[in-house]
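Below: one structure, written as structure tokens.
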Amino acid sequence: MALLEVRNVSKSFGAIHAVNDISWSVEPGEVVGLMGDNGAGKSTLVKLIAGNFPPTEGEVLVDGEVCHFHKPIQARAKGIEVVYQDLALADNLTAAQNVFLGRELNKGFWPFRVLDKQAMIDRSAGLFDELKSETRPRDLVKKMSGGQRQAVAIARTRLSNAKLVLMDEPTAAISVRQVAQVLELIRRLKHQDVAVILISHRMPDVFAVSDRIIVMRRGAKVADKATASTSPEEITGLITGAIRAA
Amino acid sequence: MQHDIAKAPETSHAAISDVAENKEQTFGARVLSSQPFWVTIALIVLVVVMTINEPTFGTTENAANVTRNFAPIGIMAMGMTVVIITGGIDLSVGSVMGLVAIVAGLFLTWHYSWYVAFTMGMIAGLACGTVNGFFVAYVGMPSFVVTLGMLSIARSLAVVFSANQMLYQFGPDAPIVRAIGQAKWPSHAPAGWAPHWIPELSSHFWVLVGLALIVGYVFNSKAWGRHLFAIGGNEQAARLTGVPVDWIKFQAYVFSAFTASLASLLLLGYNGSAINAMGQGYELRVIAATVIGGASLMGGSGTAFGAFIGSAFLEVIRNALLMAGIDSNWQGAFVGAFIILAVLLGMQTGATSIMTAIVQQLLPKKHR
């Protein structure tokens, strides 16, 4: 059974059809590259899955169960986490504080219920270890490199044992060395049987980590191919419309 | 061969801790680069110099006076710090003080008991905070505008309610009200145990100390405090991770109004009278104290200790200038210069503050 299945989903905003009758599915531990030009409907599709709004038509199934999300928190409860493009980290807090933001561990009882700082630091250290990242739990996020920030954002998804992680342009605007780190993080997630949907414009990155590539153009799915059976040239053609469909 | 295997992990551990030590700030370096620490040093220097040069400064009477004078500012600085950490500002605290004093004063003149009067005053103050919080958190208006409006509204209501009269005929509970505002501990009175060299600290000061401890505890050990900092650092991020941003921001403004009400009721008791001009211009003194104590107006940073020390620093400067015989009209210039200096030192250039940069320049490498 597929972890996530999108069945004949459409979404329109007034007269604009942002997503048009799309169907596809993701298996556990699969890395799917989602590509398309600006305005192709990628973001809308991602927001549908992440629970920002429900589809106009069609349905989203998680573990074979029909889900109608209205808020991201509902999607999160089903094991779907999003790593946002701007990473949604608070710069003035440490790595551990960011990982546990909004779901802090407490100890003791009211009114002396206090933050269990040591447990949070230990748990974050464990997560960074698991991700083979050299991020330290006590470091302030504002002093971190782009790759370390990604590690913090990804550690946050590991904390909740997410089954599916949506990553929006994780390799945009960071250095070459850090891109390698982020791709390694994605492989780590896959290794732990987490499915990843990677939204990216960067062809080499998608080809480096994905098992399957889905191409969208003008709100419709034009290709769904195993990465091994396609080429960057073909994908570029599909994105621009030089190749109609595959 | 065996020797090598035993040794290998040891060396790799050493390497990791070396790297860690290079990058992770030690506790000492964190203290040295914190603004409240340097303000404390400046305060101590100022006190020592004044004690040596001015015989009247170092007396227990003056110590009791100074601590009582800055206590209301310090109490409000606790509330202001909470608001400023979220990235907002509360300009209405001075006017809220005036309104609370007049409402409580009116009930006292109508011969209600002191707790009814204080409760009504507190309700009036919290109502102002509720309005501020509602428009800032739930409607999404800029805090500057909303609280500027409340500054005007609360002061105007205080003038209207008091019919522009001073209220002082407080009925049967007047002695209790005065006792609350004028209480001292430890006492030098004949029955008191305290030797003369211990200053008689006012109830205002003890309330400030208690409040500062509670606020410091919440900042450090409660999820609510953590969320305040997250909102100030990146409100969108806090929202996405499920922090109840609107609710916490709302509470911050109510808490600020609560501290203003508390300060107002203590001053009401101390003066034994209520005037509608109480707290006029205090919002600027409170913001100044908070900023000198290291809170950033951009949000995301601030401490309870900083708010305490900032308000103490401002009052000691005022007191020192007075004792040094400098024309009191100069006070504004000095206080203003310190505000600019404090913000300059705490200013962020890239990842480090100017203060941190100076410390790093002055200290040899091994101390970092």
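The values are calculated or read from the model by the stated rules, or taken from the named source; none is laboratory data. Note that the structure is a prediction, hence the values are computed from the model and not measured. We place every Cβ from the backbone using ideal geometry, glycine too, and count neighbours over all the protein chains shown.
The table below lists the values:
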read-out	value
Lone unmet requirement of (1) modelled with pLDDT under 95; (2) out of contact with any Gly (no Cβ under 7 Å at 6 or more places or on another chain) for B:LEU211	(1)
Residue match in region B:183-191 (condition: part of a helix (DSSP H, G or I) and touching a helix residue (DSSP H, G or I) at 6+ places or on another chain (Cβ under 7 Å))	no
Residue within region A:86-97 that is buried (at least 23 other Cβ atoms within 10 Å of the Cβ) and under 20 Å from A:VAL215 (Cα atoms) present	no
Residue list for region A:209-231, restricted to those being surrounded by fewer than 20 Cβ atoms within 10 Å (Cβ to Cβ) and in a helix (DSSP H, G or I)	A:THR227, A:ALA228, A:SER229
Search result, residues across region B:215-263 that are within 14 Å of chain A (Cβ to nearest Cβ), touching a residue at least 40 places away in the same chain (Cβ under 8 Å) and under 18 Å from the mean Cα position of the chain (by Cα)	B:GLY216, B:PHE219, B:LEU228, B:PHE229, B:GLY232
Within region B:49-89, considering residues that are part of a loop (DSSP other than H, G, I, E, B) and without any contact (Cβ under 8 Å) to a residue 24 or more places away in the chain, the one farthest from B:ALA260 (Cα to Cα)	B:PRO55
Every residue from region A:1-53 that is crowded, with 17+ Cβ neighbours inside 10 Å, in contact (Cβ under 8 Å) with a residue 60 or more places away in the chain and more than 17 Å from A:ARG218 (Cβ to Cβ)	A:LEU3, A:LEU4, A:VAL26, A:GLU30, A:VAL31, A:VAL32, A:GLY33, A:ILE49, A:ALA50
Output for region A:166-188, where each listed residue is under 13 Å from the mean Cα position of the chain (by Cα) and either at pLDDT below 90 or within 16 Å of A:LEU89 (Cβ to Cβ) (or both)	A:MET167, A:ASP168, A:GLU169, A:PRO170, A:THR171, A:VAL182, A:LEU185
Extreme residue, surrounded by the fewest Cβ atoms within 10 Å (Cβ to Cβ), among residues of region B:60-106 that are polar (S, T, N, Q) and touching a helix residue (DSSP H, G or I) at 6+ places or on another chain (Cβ under 6 Å)	B:ASN69
Helices (runs of 4 or more DSSP H) wholly inside region A:62-165 that include at least 1 residues being within 20 Å of A:VAL46 (Cα to Cα) and at the interface with chain B (Cβ under 8 Å from one of its Cβ atoms)	A:72-77, A:146-159
Options B:SER33, B:SER12, B:SER95: the member that is under 21 Å from the mean Cα position of the chain (by Cα), of a type in the set (Ser, Thr, Tyr) and at pLDDT below 90	B:SER33
Any hit, region A:102-120, residues being surrounded by 21 or more Cβ atoms within 10 Å (Cβ to Cβ) and touching a residue at least 40 places away in the same chain (Cβ under 8 Å)	no
Of residues in region B:231-259 being out of contact with any helix residue (DSSP H, G or I) (no Cβ under 7 Å at 6 or more places or on another chain) and in a loop (DSSP other than H, G, I, E, B), the one nearest to A:VAL82 (Cα to Cα)	B:THR241
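Results for (1) among the small types (Gly, Ala, Ser); (2) touching an Asp or Glu at 6+ places or on another chain (Cβ under 9 Å); (3) at pLDDT 90 or above; (4) farther than 13 Å from B:GLY105 by Cβ, shown as yes or no for each residue.
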{"site": "B:PRO142", "(1), (2), (3), (4)": "no, no, yes, yes"}
{"site": "B:SER152", "(1), (2), (3), (4)": "yes, no, yes, yes"}
{"site": "B:ALA158", "(1), (2), (3), (4)": "yes, no, yes, no"}
{"site": "B:LEU201", "(1), (2), (3), (4)": "no, no, yes, yes"}
